[in-house]
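The values are calculated or read from the model by the stated rules, or taken from the named source; none is laboratory data. Keep in mind that what you see is a predicted model, and the values were worked out from it rather than measured. Cβ sites come from the backbone with ideal geometry, for glycine too, and all protein chains shown count toward neighbours.
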Amino acid sequence: MGRTARAFWVRSPGQGEIREVDLPEPTPDQVLIRTLHSGISRGTETLVFGGGVPPNQYGVMRAPFQEGDFPGPLKYGYLNVGVVEQGPSHLRGRTVFTLYPHQTRFVVPASAVSPVPEGVPAHRAILAGTVETAVNALWDAAPLIGDQVTVVGAGMVGCCVARLLSRMPGARVQLVDVDPDRAEVAERLGVEFALPHQATGDRDLVFHTSASEAGLIRSLELLHPEGEVVELSWYGDRQVILPLGEDFHSRRLAVRASQVGMISPARRSRYDHAQRLALALRLLTDPAFDSLLSGRSHFEELPALLPDLARGHRPALCHQITYDPPHH
């Protein structure tokens, strides 16, 4: 029927463009979605935009509905909330979250969408993928009531982890970042804030999300004996040197990885990926998560916006992309 849409593509490292794309007619088990909002996960997407993904990580970094290959041309992104315009009756008219790039309309399998619950505004639902990462991290770490916990790195993932931790009875949660402006976000998330040199030590558990060697070293320094660092950062092909001599062994410290690609072993028998994402969406009834949405632009601005974000000109956590209302 000749239906088209507009999509953002990275033409080559550092250069983006909006392309008109043809949409297929949905089959009975597919849905046609009109995008309401999409989100830019700043760390990952600026890395992709700048061509910073190392060749040995091309497979790991591939997004679920990516088109094209690194370093470009490619269509990349995974935080999309839209309305089902065509598809199975139980989904038609529903607001849904999909791990899809920035595009005005698109067709995917019905099994690839997650309905957004009542009580979760569409704009906030773009954080579902990040909250899902935080959920998996807490499953891996298994914090206990009354724990003293630090999150090093106040990016999207760190802020989501901090907010979930703040709801644990008796927990003392501190968010640590080199940017003093993150103190305001920490306050809205209901947790303490500290610069790295001011951070409180003797912690039971530290989540590290800053993707820096200095951040990981500081995370180890903050632990109580027999404490654990849960490492959520992705370093690509960068080497990290840690002081595992000194008192690492005598204090019996631990570093463990947590990554959203696999369900935590602690909950693998109970949750599949769709159920974990549905849980993340339910948690987004919490309005405190709006404090992560710190910038807004229109879809047509993306080719100019990404270079700005890559240069650090806008201090956004999750930059929200808006789309035109439907034309009747």
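Mind counting the residues in region 194-214 that are part of a loop (DSSP other than H, G, I, E, B) and either at pLDDT below 95 or of a type outside the set (D, E) (or both)? Spell out the reasoning first.
Of region 194-214, the ones part of a loop (DSSP other than H, G, I, E, B) are 195, 199-202, 209-212.
Filter once more, keeping what is either at pLDDT below 95 or of a type outside the set (D, E) (or both): 195, 199-201, 209-212.
The qualifying residues number 8.
Within region 257-277, if we keep just the residues that are touching a strand residue (DSSP E or B) at 6+ places or on another chain (Cβ under 6 Å) and hydrophobic (A, V, I, L, M, F, W, C), the residue that is farthest from Y235 (Cα to Cα) turns out to be L277. Within region 277-293, not a single residue is within 22 Å of M61 (Cα to Cα) and loosely packed, with under 14 Cβ neighbours inside 10 Å. Considering only residues in region 59-78 that are assigned to a loop (DSSP other than H, G, I, E, B), modelled with pLDDT of 95 or more and hydrophobic (A, V, I, L, M, F, W, C), the one that is surrounded by the most Cβ atoms within 10 Å (Cβ to Cβ) turns out to be F70.
Report the residue count in region 90-128 for those that are in a helix (DSSP H, G or I) and surrounded by fewer than 20 Cβ atoms within 10 Å (Cβ to Cβ). Here the count works out to 3. Among residues of region 279-297 that are among the β-branched types (V, I, T), those with a Cβ under 6 angstrom from a residue that is surrounded by fewer than 17 Cβ atoms within 10 Å (Cβ to Cβ), sequence gap 6+ or separate chain, pair up as T285/G119.
Yes or no, residue by residue, for (1) of a type outside the set (D, E); (2) modelled with pLDDT of 95 or more; (3) outside the structural domain of V206 (by TED's automatic domain parsing); (4) more than 17 Å from S233 (Cβ to Cβ):
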| residue | (1), (2), (3), (4) |
| --- | --- |
| A122 | yes, yes, yes, yes |
| V152 | yes, yes, no, no |
| S166 | yes, yes, no, yes |
| G170 | yes, yes, no, yes |
| L175 | yes, yes, no, no |
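Of the candidates R256, R296, the single residue that is closer than 21 Å to L36 by Cβ, of a type in the set (K, R) and outside any loop (DSSP other than H, G, I, E, B) is R296.
When the residues of region 22-58 are filtered to those that are β-branched (V, I, T) and over 15 Å from the mean Cα position of the chain (by Cα), which remaining residue is surrounded by the fewest Cβ atoms within 10 Å (Cβ to Cβ)? Give the steps one after another, and end with the answer.
Of region 22-58, the ones β-branched (V, I, T) are 27, 31, 33, 35, 40, 44, 46, 48, 53.
This time we only want the ones that are over 15 Å from the mean Cα position of the chain (by Cα), so: 27, 31, 33, 35, 53.
Details: T27: 11, V31: 26, I33: 30, T35: 24, V53: 21.
So the residue we want is T27.
State the number of residues belonging to region 8-58 that are among the aliphatic types (A, V, I, L, M), outside any strand (DSSP E or B) and modelled with pLDDT of 95 or more.
Within region 8-58, the subset among the aliphatic types (A, V, I, L, M) is 10, 18, 21, 23, 31-33, 36, 40, 47-48, 53.
Next, from what is left, pick out any that are outside any strand (DSSP E or B): 23, 47-48, 53.
Filter again for modelled with pLDDT of 95 or more, leaving 23.
Residues that pass the stated criteria total 1.
For region 66-80, the set of residues classified as closer than 27 Å to S114 by Cβ and out of contact with any helix residue (DSSP H, G or I) (no Cβ under 8 Å at 6 or more places or on another chain) consists of Q66, E67, G68, K75, listed by residue number. Exactly one residue among A122, A112 is within 17 Å of Q275 (Cα to Cα) and not β-branched (V, I, T), and that residue is A112. Identify all residues within region 79-89 that are surrounded by 20 or more Cβ atoms within 10 Å (Cβ to Cβ) and assigned to a loop (DSSP other than H, G, I, E, B); write none if there are none. Residues satisfying the conditions are L79, G87.
Can you find even one residue in region 85-101 that is at pLDDT 95 or above, under 26 Å from T4 (Cβ atoms) and of a type in the set (F, W, Y)? Yes, the conditions are met somewhere in region 85-101. Among the residues making up region 92-105, none is over 20 Å from the mean Cα position of the chain (by Cα), in contact (Cβ under 8 Å) with a residue 40 or more places away in the chain and closer than 18 Å to L277 by Cβ. Here G227 meets the list (1) in a loop (DSSP other than H, G, I, E, B); (2) in the same structural domain as T209 (by TED's automatic domain parsing) almost entirely, failing just condition (1). Checking each residue in region 135-173 for being charged (D, E, K, R), under 23 Å from L281 (Cα atoms) and surrounded by fewer than 24 Cβ atoms within 10 Å (Cβ to Cβ) picks out D140, R167.
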